[in-house]
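A short write-up of the structure that comes next.
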Amino acid sequence: MEVIIRESTEAACGMVAQIIARSVRGKAETVLGLATGRTMENVYGKLAQMHQSDGLDFSFCRTFNLDEYIGLEKDDINSYHHYMTEHLFRHINIKPGNTHLPDGTAKDLKAEARAYEEKIRACGGIDLQLLGIGRSGHIGFNEPLSSLMSRTRDKVLAPETMAQNGPLFIGGEMPKRAMTMGVGTILESRRALVLVTGEEKADILAQSVEGPVTSRVTASALQMHPSCVVVVDEAAASKLHDRDYFRWIYENEPEWDALR
Ligand code: GLP
């Protein structure tokens with residue numbers, strides 16, 4: 001795991017957008033794993049801009065989102081389908097048929113979960129998985145005590161997650177369950193790219209990166225990912241013990257020369 005501390009939220013989001021763009025330029029058929037949440041809005045805005053002004057081409061990309069609420073129709077304003085359309089898909093040249101999110105309205109949720117895993121496999125697996133961290137320490141909606149070997153399935157959301165995401169709901173109640181890729185699914189991505197910003201995430205970030213690997217904080221499982229980059233701003237980094245060490249690695253790692 002590598003932790004990159006950037007001077008501002010803007011710089012952290014810019015770096016994440018650049019890493020995604022580099023992956024898409026390097027392999028036109030990149031399979032992207034995508035995340036939702038407030039943190040990612042800035043990144044998607046930047047990718048849309050790169051498409052519009054620099055011609056960043058998404059026409060061969062395939063995408064798989066981490067999760068979706070159970071019971072929300074695709075066109076529900078509170079669904080992650082709607083979020084992705086509004087923040088990214090309608091601004092770039094991705095083919096709608098190449099974008100995938102779990103169907104939270106499926107009658108047979110277990111069959112839908114299996115089919116989602118199968119679709120990821122059929123596309124050759126996820127090249128680059130974008131992730132945020134929720135206040136409960138979740139990645140996707142893998143709430144505390146999710147198995148670190150889990151696959152896509154339906155999950156009951158933690159009260160902390162209800163409190164975090166509830167205020168975002170417009171004109172309807174937040175569902176108490178979601179369909180999410182499992183921790184095991186996420187760990188199989190070829191590369192994981194985590195973005196964490198803001199002081200309110202400082203504590204959970206420190207637990208995830210420097211604490212023990214534990215199902216109580218499912219983001220900590222990323223310590224076992226073979227290629228995981230965590231990009232954070234100064235505020236989120238404020239409770240990391242080894243900040244100077246992370247800076248040293250970043251400054252001396254040639255991979256980042258072009259993105260500094
Ligand atoms: C939701 C998503 C997570 C995301 C989290 C962070 O709960 N399921 O994948 O990491 O939001 O949200 P925010 O960026 O709004 O803090």
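Coordinate-derived values only; no laboratory data. Computed from a predicted model, the values in this text were never measured in an experiment. Here Cβ is always computed from backbone atoms with ideal geometry, including for glycine, and neighbour counts include all displayed protein chains.
Key figures
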| quantity | calculated |
| --- | --- |
| The chain: most fluctuating residue of Ile139, Ile19, Ile126 per GNM, C-alpha cutoff 10 Å | Ile19 |
| Amide H contacts of Cys228 (H built 1.01 Å from N, under 5 Å, at least 5 apart or other chain) | Glu2, Ala192 |
| Net charge over other residues, Cβ less than 13 angstrom from the Cβ of Ala28 (K, R count +1; D, E count -1) | +2 |
| Low-density loop cleavage sites - GluC sites (Glu not before Pro) in the range 1-87, where at most 10 other Cβ are within 10 Å (DSSP) | Glu7 |
| Cβ charges +1 (Lys, Arg) and -1 (Asp, Glu), total dipole of the chain, debye | 640 debye |
| Per-selection Kirkwood Rh - the range 1-55 (Cα, Å, 1 d.p.) | 12.1 Å |
| Loop-resident sites, the range 46-106, for trypsin sites (Lys or Arg not before Pro), counting at most 16 other Cβ within 10 Å (DSSP) | Lys74 |
| Three-way shape label, the range 108-260, alpha-carbon gyration tensor, a/c 1.5 | oblate |
| Cα-based Lys proximity count in the chain, under 26 Å, for pairs eight or more positions apart or on separate chains | 25 |
| Using a Förster distance of 22 Å, the FRET efficiency for Gln223-Asp257 (Cβ separation, nearest 0.05) | 0.30 |
| For Ser238, Ser150, order by how many other beta-carbon atoms lie within 10 Å, fewest first | Ser238, Ser150 |
| Gain upon complete extension [Lys107, Arg151; 0.36 nm per residue less C-alpha separation] | 14.0 nm |
| Whole-number Å³ per residue for the convex hull built on Cα positions in the chain | 117 Å³ |
| Computed lengthening from Glu73 to Ser53, 0.36 nm per intervening residue step minus Cα-Cα distance | 3.9 nm |
